[in-house]
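**Student:** There's a structure below that I have some questions on.
The values are calculated or read from the model by the stated rules, or taken from the named source; none is laboratory data. What you are looking at is a predicted structure, and each value in this text was computed from that prediction instead of being measured. Every residue, glycine among them, receives a Cβ derived from its backbone with ideal geometry; neighbour counts consider all protein chains shown.
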Amino acid sequence: SAKREGRARFAIYDPAMDETLRRRRGLQVALRRDLQAGALHMVYQPQVDRDCTMTGVEALVRWDSDEFGPVSPAVFVPLAEECGMIEALGAFTLRRAFEDSLRWPDLKTAVNISALQLRDPGFPDRILAIAAETGVSPSGIELELTEGVLIDRGKGASTRLAALKDAGFSIAIDDFGTGYSSLSYLSRFPIGKIKIDRSFVVDMGRSQCADVLVSSILQLGRSLNMRVIAEGVETPDQWLRLAAVGCNEFQGYLASRPVSADVIDRIYAGERVEVVGQDARF
Ligand code: C2E
Ligand code: MG
Ligand code: MG
Ligand code: MG
């Protein structure tokens, strides 16, 4: 409050800030309600290999609010974290993704885990309980974590990651290259896969720096025995450049936008899918 900040200062009244806060509260209230009502859903984005064969899917949560329209998970996941809803949101997305993954036994299903989720000491038990209840084997599931999680001070994160790895889950580093400059964590954690961030892919062919970074990440991955996948691949040119430096897996609008589980079923069955609005190219 203004009082606590001392006499010499004035509280700055910013109506725009007020509006932002109000909107956030509104979003949180609506999110809580819609989450309880089961109104959120999952979409899946194919991960493909060199010849565009689907090898995995990434589960992405979607919220189409009656009040606010479609809200990005980049917005509402942090909001859920802020107001103590992440456990419920996480349980919902994991359960739904695990259930759906049973439809595609040959695919790896990747799920996103936020830093806050992993900070919870009960997380490994909770995710294992969901796997048991849904009948999913952890070996078919990949947990996507961002670099920030691994830099987290204390041994908590590394103990939990080791437990998850021991239980059979595989671990991927999401948005690789955007987080921290220290790479020492790569050898300290049981990481199986690196996901090159979209920002590098976008700049390929436009900045020499991006090209060099991407091929360095690939070399790093190779020498550490990790798989490397590029995210956010939108154009054939980007894909050709990636392939030229030895990147054999990618994810992005070029192959497919995130689509419903039903569309993944059809791609999985080998059907040629041409969804309206060019959602999936198989
Ligand atoms: P992410 O894990 O890095 O997911 C990739 C994001 O890039 C997705 O956005 C996806 O729709 C988008 N994308 C994929 N291909 C392309 C492309 O070719 N071009 C462009 N421009 N974008 C592409 P989305 O679905 O909005 O998700 C944003 C972030 O929200 C995710 O980033 C992830 O960190 C988080 N998130 C999504 N679902 C969940 C969830 O179920 N749980 C948690 N904890 N976080 C989630
Ligand atoms: Mg991800
Ligand atoms: Mg990513
Ligand atoms: Mg991202």
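**Student:** Which ones in segment 210-255 are polar (S, T, N, Q) and out of contact with any helix residue (DSSP H, G or I) (no Cβ under 8 Å at 6 or more places or on another chain)?
**Tutor:** Selection gives 215, 216, 219, 223, 225, 235, 248, 251.
**Student:** In this structure, does residue 89 turn out to be at pLDDT 95 or above, in a strand (DSSP E or B) and in contact with a helix residue (DSSP H, G or I) (Cβ under 9 Å, 6 or more places away or on another chain)?
**Tutor:** Against the criterion (at pLDDT 95 or above, in a strand (DSSP E or B) and in contact with a helix residue (DSSP H, G or I) (Cβ under 9 Å, 6 or more places away or on another chain)), residue 89 does not qualify.
**Student:** Where the second residue is at pLDDT 90 or above and within 15 Å of ligand 4 (Cβ to nearest atom) and the first is at negative phi and among the aromatic types (Phe, Trp, Tyr) and lies in segment 191-214, which pairs have Cβ atoms under 9 Å and are six or more apart or on separate chains?
**Tutor:** 200/176; 200/230; 200/232
**Student:** Here's something else I'd like to know. What are the residues in segment 155-208 that are among the acidic types (Asp, Glu), within 16 Å of ligand 1 (Cβ to nearest atom) and part of a helix (DSSP H, G or I), if any?
**Tutor:** 203, the sole residue that qualifies.
**Student:** Quick check on my filter: what residues within segment 56-91 are surrounded by 14 or more Cβ atoms within 10 Å (Cβ to Cβ) and farther than 14 Å from residue 114 by Cα?
**Tutor:** Hits for segment 56-91 are 56, 57, 58, 62, 63, 65, 68, 71, 83.
**Student:** Still on this model: Restricting attention to segment 168-202, report how many residues are farther than 20 Å from residue 60 by Cβ, in contact with a helix residue (DSSP H, G or I) (Cβ under 9 Å, 6 or more places away or on another chain) and away from ligand 3 (no atom under 16 Å from the Cβ).
**Tutor:** Qualifying residue count for the region: 8.
**Student:** Looking at 173, 151, 191, can you tell me which residue is in contact with a Phe, Trp or Tyr (Cβ under 8 Å, 6 or more places away or on another chain) and hydrophobic (A, V, I, L, M, F, W, C)?
**Tutor:** Unique residue meeting the criteria: 151.
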